There are 4 protein chains.
Amino acid sequence: MQFLSDNAASVHPAVWDALKAADTSDSPYDGDALSAALDDRFSALFGKPCAVLWIATGTAANCLALATMVQPHGGVVCHEEAHIEMDEGGAPGFYLHGAKLMLASGTGAKLTPDAIRAVVDPIRDDVHQVQPHAISITQASEYGSSYRPDEIVAIADLARQRGLGLHMDGARFANAAAFLGCSPAEAAGPVDTLSFGFIKNGAMSAEAIVFFDPMLADVAHYRRKRAGHLQSKGRFLAAQLHAMLDGDVWLENARHANAAAQEIGSACAARLMHPVEANELFVRCTAAERDALRGQGFGFYDWGDDAARFVTAWNTRAEDASALAKAITSL
Amino acid sequence: MQFLSDNAASVHPAVWDALKAADTSDSPYDGDALSAALDDRFSALFGKPCAVLWIATGTAANCLALATMVQPHGGVVCHEEAHIEMDEGGAPGFYLHGAKLMLASGTGAKLTPDAIRAVVDPIRDDVHQVQPHAISITQASEYGSSYRPDEIVAIADLARQRGLGLHMDGARFANAAAFLGCSPAEAAGPVDTLSFGFIKNGAMSAEAIVFFDPMLADVAHYRRKRAGHLQSKGRFLAAQLHAMLDGDVWLENARHANAAAQEIGSACAARLMHPVEANELFVRCTAAERDALRGQGFGFYDWGDDAARFVTAWNTRAEDASALAKAITSL
Amino acid sequence: MQFLSDNAASVHPAVWDALKAADTSDSPYDGDALSAALDDRFSALFGKPCAVLWIATGTAANCLALATMVQPHGGVVCHEEAHIEMDEGGAPGFYLHGAKLMLASGTGAKLTPDAIRAVVDPIRDDVHQVQPHAISITQASEYGSSYRPDEIVAIADLARQRGLGLHMDGARFANAAAFLGCSPAEAAGPVDTLSFGFIKNGAMSAEAIVFFDPMLADVAHYRRKRAGHLQSKGRFLAAQLHAMLDGDVWLENARHANAAAQEIGSACAARLMHPVEANELFVRCTAAERDALRGQGFGFYDWGDDAARFVTAWNTRAEDASALAKAITSL
Amino acid sequence: MQFLSDNAASVHPAVWDALKAADTSDSPYDGDALSAALDDRFSALFGKPCAVLWIATGTAANCLALATMVQPHGGVVCHEEAHIEMDEGGAPGFYLHGAKLMLASGTGAKLTPDAIRAVVDPIRDDVHQVQPHAISITQASEYGSSYRPDEIVAIADLARQRGLGLHMDGARFANAAAFLGCSPAEAAGPVDTLSFGFIKNGAMSAEAIVFFDPMLADVAHYRRKRAGHLQSKGRFLAAQLHAMLDGDVWLENARHANAAAQEIGSACAARLMHPVEANELFVRCTAAERDALRGQGFGFYDWGDDAARFVTAWNTRAEDASALAKAITSL
């Protein structure tokens, strides 16, 4: 009973079908019909024009998105536990040519206008200090917390005031949207670019970079090729994105994962380090308790010495979630 | 009847089977069993120890391989029509942090020791000029020519003398090996790193970077992640590579493509700009002749004003190749 | 009798005086009064508004100027013998984060619109090929040839048409302006940025980067600091630039060097590889002839096997120039 | 009475003399006799072989030194208030091609083995996290504290254990050496590279990068040119370094500045935020007190809301120091 990560979850049947269906002759790279249809497809989803590129990883999605808004001599304000800071092997340094990550604090790995101002305001406007060029927030956050639409608007307002770009790392955007029960447009808010994750949520190897400013997408097309991310059989990536949007598979899958997380969370509310607002749970428990759970066949990561992280996925079996809920309750 | 490129060819059934078989729970990234087995698998193929990373594109394969041997202040000697110079959107500049491509000439897009010396020898050994750190050759070359084993040895000898790394862009390595009828080890020769291409030859989205010096692979692991190329469901890339090696699918597919190219080439020997030593044909013909061929349903690229490029693939139908051979003969 | 290079020539007395005069307490970096006065000073010289940064080397001047106009995924069209390609140790690759130099041919190391089009026109407008972002020309050229004002206008027109920035490497701009006998504004033409060289011409360690578009200067200020080129006692660099402009020292020095070159050139017109339009001479002569000259105490560089390069400077003594002229005549 | 910074202090007479004396014909770049003599000169000073490059700024010195030890995918452990983190405009990101600064805490802006371990130990040895490649410490620190020889040895021991390079930012190395009263070799300890500052201490525009491992210097030579820092009249930078070492001007100047700082510090011991171990004082005082001091003609920076920073220099007049000491006492 695996709760280690949604990262390596299996591939949704609809994605398999789409992949097989795409195995026909078509133009290479992103010259195929499926790739060409992405802009319209996501524009319809968000109810506003956007340009969309497929990409094989969330790390590349984040970095290419940021590279369109941040010059090499600038910086990106992000949370000190943001994925781009902690888990991308220095990819932002590579893609942004040495631009700086500027670390802000905040509960639940979420930023607030105040937290951003605390980082940005002390920076003297002179050449000795790196100036911020953009802000990056994660929806849902690295601790499974979801930004409410008005919270994003407040951050976007600050970004506009300060002339900063705004990026959303949406590796678990679907889970946030499902939790919030709002439209995709509301869950994204007025960001400039969104890394819309699908891989954790049932795709095999395709994420979407969504540009709400088409000019940014133009640069991203060059940068994607330059990063060796323009796959020659790009139709197979585009196909995955279409399959995930068809019939709202992306949303259904996220709802499923979230529901499992809620069930487990309800069973251990007093132990939760963060509210469960997506598909991750951070649960206080002793080493002995973790041993006990592992002894019952549950897989998960330790989170420091006094907690465990459980992640549900689109394919978490209902009985497994119930079993885990029960096991934690019985500790 | 498509002879535009092997780039977008369909996916081999064995690869599909392997992909489906890989859709089980396993560790993310390259922590899965299939990824872990690659070193042994390719070491057996080449008859010597090597370390292997999967990667989604040939551009990334080339650049990551070179990045292990070339410091940012150095250079790479390559042919002036090499893929890394002409067709990778500046990816070498990105991955090598501004290192320089040093362009050599040579018939059939092949380098020789003399051509390399003509580039390297005039470089003064002072800090005002970029010093070469590596050589990159393409097997089969961008004009479908294959390096003979002794030609590679001669270049490798020069590389060793000058303290240069040696990389082989093997986007069509299989076609070269099939043409040469020699072992993979002989077709690669004593290079330090090989970008072993599978995508043009029946895979969906996986190439192999082969390091015959395992120390280089260590750096490449970090750089792959840093480039956003460490896919979370890496088992699906590893599976493709295993499927291509199983039962020598890679070699069978290349033989098939080569045979089709040979048939067409035999039909138009006098028109050939380069000998047919892989699966590409560069055929002299007028614009009117090209129109005539297109009128008969053949797809291909113009090659300048006076020639056409035809590419066969693992899935080129025998009847299509024969039809093209006949059509060219009849021009 | 030294004709090796103007690179290491001594420092003009007016520069020494200015340096000493600057040794008073003032603000660090470029916060001093002398630095602050540069914009106005050069705006007056060129008769149009410009923003100016001091910088310690021509290489850094060229690269910082280009970095304001060229994105990392773009390219710079320059002559295949341009200083940025041949002699800057890969600095453009560093400062432009891997952008590509696109090499054009042309007599006397000068570009023409046709030569630029020959490089730019074949580039397909797709992501597989690096797109040009700027053009760089050298005034006077690496072979001592000077662009006529209308030649620069023609190149600038092409640049505007294609949306490319235009940079002038003016390491010997003074010599070109002196030769042309036109105003600085005419000698620079409608370029966007000019690396205005002073070091070869009598300064100790200060060049000027002139931005005719002040927005570009803003980025350059950040990039200069980021490159470790913002010296803490910047007033000493600013002082040199003022001293060189005061009383047209820059122009007088260049005229002196040019006159010496003309005298030598007149003595060996039949041997000249390029017209003498600045302070460099490329003179055909045999190895034996070069030995003879060296035997008479003349210092210079061989230029390949069959020629020699002589460079005059602001401090070339009249008798030395006459002696060289006579010696060549007598060969 | 200026106590703002030592950054823009005037130039020592011995330096002026050396500059004038260097204004003879010699080879360009670092081919002159003065530049060539630097290795021996500093080897004698440190009592062990080292290779030395002149460079125009401390920022470039630090970054070039680090670039020889840190690969682009690695990181540098430094104090969170280190100059390279706070005040170099992102230069480390540029020179290190996106490598990461890893911030440690510590009193007085000094690192300890424990503080370094607190940063390094939690880093998982996997490709998702940037791995440290080097440590950088500042002597004297950004708060005017000096590392004792045994403290450096302890850090160096840790560096060796972990396979990390060790760099010392010695912008005020002279002040630390003067304070410690030990040999330069002891004040530097077993570091791999030292940015040895002279500009704050009486030079005009020359710092030294000292490599105790000559292999590192080889790379630095290429990187210095590549960064546009190889000045054509390099003899003027070398001359400054020689002048500063001749007759221990560097040490005398530092002693003078330190003595002034000690006098002031003695007058306000209870107000000091940090011990005075070089030429900087961080003094608690209210805004009203600062106004009072400024009213008496003293120049200095506010340090947050409740303190002031005073910096003495080689040319601080004794009467000014006494006046300041008295003024603070009288507050």
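The values are calculated or read from the model by the stated rules, or taken from the named source; none is laboratory data. Computed from a prediction, not measured in an experiment: that's the story for all the values here. All Cβ positions, even for glycine, are placed from backbone atoms using ideal geometry, and neighbour counts span all protein chains on display. We work out accessible area using only protein heavy atoms, side chains counted, and drop any ligands, DNA or RNA first. Shrake-Rupley method; radii C 1.70, N 1.55, O 1.52, S 1.80 Å.
With N counted as the residues of the range D:162-289, its alpha-carbon radius of gyration over 2.2 N^0.38 Å works out to 1.25.
Over the range B:34-137, the reciprocal of the mean inverse Cα-Cα separation, the Kirkwood hydrodynamic radius, stands at 15.0 Å. Magnitude of the charge dipole for the range D:110-207, about its Cα centre and with charges confined to Cβ atoms of Lys, Arg (+1) and Asp, Glu (-1), is about 160 debye. Could you sort out which of C:Lys233/D:Lys326; A:Lys233/B:Lys20; C:Lys20/C:Lys233 sit more than 21 Å apart by Cα distance in this structure? Beyond 21 Å: C:Lys233/D:Lys326.
Centre-to-centre separation between the Cα atoms of the range C:45-79 and those of the range D:83-139: 32 Å. The alpha carbon convex hull volume per residue for the range D:230-309 rounds to 145 Å³.
Centroid-to-centroid, using Cα positions, the range D:197-234 and the range C:175-194 are 34 Å apart.
Here the range D:29-165 has 52 percent of its accessible surface on carbon and sulfur atoms, given a 1.4 Å probe and all protein chains in place. Across peptide D:6-13, the mean count of Cβ atoms from other chains lying within 10 Å of each residue's own Cβ comes to 5.
A cut-off of 5 Å between modelled amide H atoms, ignoring neighbours fewer than 5 places along the same chain, links C:Ile135 with C:Val77, C:Gly165, C:Leu166, C:His167. The mean number of partner chain beta-carbon atoms within 10 angstrom of a residue's beta-carbon across peptide A:209-221 is 1. Label-to-label distance, B:Ala185 versus C:Thr329, with points set 7 angstrom from Cα along the beta-carbon direction: 7.4 nm. Rg over Rh for the range C:116-194 works out to 1.04, using Cα positions for both radii and the Kirkwood form for Rh.
Any chance you could check the range A:71-97 for residues losing 20 Å² or more of accessible area when the partner protein chains are in, compared with the chain on its own (1.4 Å probe)? Flagged in the range A:71-97: A:Gln71, A:Pro72, A:His73, A:Glu85, A:Met86, A:Asp87, A:Gly89, A:Gly90, A:Gly93, A:Phe94, A:Tyr95, A:His97.
Here A:Lys48 is the anchor, and the aspartates and glutamates within straight C-alpha reach of less than 14 Å, apart from those fewer than 8 places off in the same chain, are A:Asp39, A:Asp40, A:Glu186, A:Asp192, A:Asp213. Taking all protein chains into account, the per residue accessible area for chain D stands at 32 Å² (1.4 Å probe).
Residues of the range A:256-297 with an amide N closer than 14 Å to a point placed 7 Å from the Cα of A:Ser322 along the Cα-to-Cβ direction: A:260, A:263-264. A crude spin-label estimate for the pair A:Asp125 and C:Val219, with each label 7 Å from Cα along the Cβ direction, gives 2.0 nm. Summing both sides, the accessible surface hidden between D and A at a 1.4 Å probe radius is close to 1000 Å².
What you get for the protein assembly as shown, charging only the Cβ of Lys and Arg (+1) and of Asp and Glu (-1), is a dipole of about 0 debye around the Cα centre. Hydrophobic, long helices, defined as DSSP H runs whose alpha-carbon span along the helix axis is 24 Å or greater and whose mean Kyte-Doolittle value is at least 1.0, do not occur in chain A. Placing a pseudo-label 7 Å from each Cα along the Cα-to-Cβ vector at D:Ala287 and B:Ala33 gives an inter-label distance of 7.0 nm. Dividing the summed -39500 (n - 2.57) terms of all DSSP H runs of n ≥ 4 by the residue count of chain C sets its mean residue ellipticity at 222 nm at -12000 deg cm²/dmol.
Students often get this wrong, so check it: of A:Lys100/C:Lys100; B:Lys110/C:Lys110; A:Lys225/B:Lys200, which have C-alpha atoms separated by over 27 Å? Check vs 27 Å cut-off fails for B:Lys110/C:Lys110. For the range D:1-121, the dipole from Cβ point charges (+1 on Lys and Arg, -1 on Asp and Glu) about the Cα centre works out to 260 debye, to the nearest 20.
What separates the D:Asp246 label point from its copies, with the point 7 Å along Cα to Cβ, is 2.6, 7.9, 8.3 nm, written shortest first.
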